[in-house]
Every structure is written in structure tokens, then in C-alpha cells.
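Undergrad: Below: one structure in C-alpha cells.
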Amino acid sequence: MEKTIESKILQQERATIASMTRLYCRAKHSTEGELCPDCQELLDYACERVGRCMFLPDKPVCARCPVHCYKAPYREQVREVMRFAGPRLIFKDPVAVVRHFRLILRADSEQVARIRQKVSNK
């Protein structure tokens, strides 16, 4: 059962970042269909990192995560993509937006809260 929940969370997270990356690439790099090589590399990296999240299945949204698992250049690229595509995603994938806001409002799991506490005490 837990493996199914984890798989669903991963699928949803990957689908959301893919939608955002497509919106960004289409607008910024004038692509149609396929992503440009840079955006494809970013998407591949983001999907790989989501799949390795230490907090699964109770993964928080990345913006609220106490552990930053993206390397600095990728982290900045993902922020840029999310800043651009986030507000526009409401028109392309409103279900993903609602799901994302629901996750933002969700209380931290015990594991996330424990690590957040350790980080804040440093």
C-alpha cells in the first residue's frame, strides 16, 4: 500500500515539474513539443532528485523542505522556472495547483519537523 502512495506522489510531483518546465521552455526558448536541451537536462535532474527524496512518502513541497538537495545552479534554475510558470500553471493544470497548495498547507511529518528543528537550532 505504501509503495503505491509513494509512486502516486512521485508521479504527481514529476508531472507538475514537467508541466512547469514545458510552460517555461515554450515561452522563454520558443520551443514546440520537445524541450530545449537545457530545460530537458533540468527536468531530468529535478525528476531524479524528487525520486531520491529522503522524506517520501510524506514529502513536503521543495520550497518548505529543510534539506536542499539540488545543487546550487540547478536550484536557481528551478526557482526561475517556478517563479515564471507557477502563476501560469493555474490555466494549464489547475488540479496540480490545488494539489500543490494543499501540500503547502499540510503539517510537517515528524521526520521533517525533527530536521527543521535541528536546522533552526544551528
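No value in this document is a laboratory result; all are computed from the given coordinates. Given the structure is predicted, the values throughout are model-derived calculations rather than measurements. Virtual Cβ from ideal backbone geometry, glycine too; neighbours counted across all protein chains shown.
Undergrad: Kindly establish whether R26 is out of contact with any strand residue (DSSP E or B) (no Cβ under 7 Å at 6 or more places or on another chain), crowded, with 17+ Cβ neighbours inside 10 Å, assigned to a helix (DSSP H, G or I) and charged (D, E, K, R).
TA: Considered against the rule, which asks whether it is out of contact with any strand residue (DSSP E or B) (no Cβ under 7 Å at 6 or more places or on another chain), crowded, with 17+ Cβ neighbours inside 10 Å, assigned to a helix (DSSP H, G or I) and charged (D, E, K, R), R26 comes out as no.
Undergrad: Say we look at region 47-77 and pick out the residues that are among the basic types (K, R) and part of a helix (DSSP H, G or I); which of these is farthest from K8 (Cα to Cα)?
TA: R75
Undergrad: crowded, with 16+ Cβ neighbours inside 10 Å, free of Cβ contacts under 8 Å to residues at least 40 places away in the same chain, under 25 Å from Q40 (Cα atoms) and touching a helix residue (DSSP H, G or I) at 6+ places or on another chain (Cβ under 8 Å): does that describe C62?
TA: yes
Undergrad: Name the residue that is surrounded by the fewest Cβ atoms within 10 Å (Cβ to Cβ), counting only residues in region 85-122 that are in contact with a Ser or Thr (Cβ under 7 Å, 6 or more places away or on another chain) and not in a loop (DSSP other than H, G, I, E, B).
TA: Selected residue: K92.
Residues are listed down the side, and each one gets a yes or a no for (1) more than 17 Å from A15 (Cα to Cα); (2) over 12 Å from the mean Cα position of the chain (by Cα):
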{"residue": "R79", "(1), (2)": "no, no"}
{"residue": "M82", "(1), (2)": "no, no"}
{"residue": "P87", "(1), (2)": "no, yes"}
{"residue": "D93", "(1), (2)": "no, yes"}
{"residue": "H100", "(1), (2)": "no, no"}
{"residue": "R106", "(1), (2)": "yes, yes"}
{"residue": "Q111", "(1), (2)": "yes, yes"}
{"residue": "R116", "(1), (2)": "yes, yes"}
{"residue": "N121", "(1), (2)": "yes, yes"}
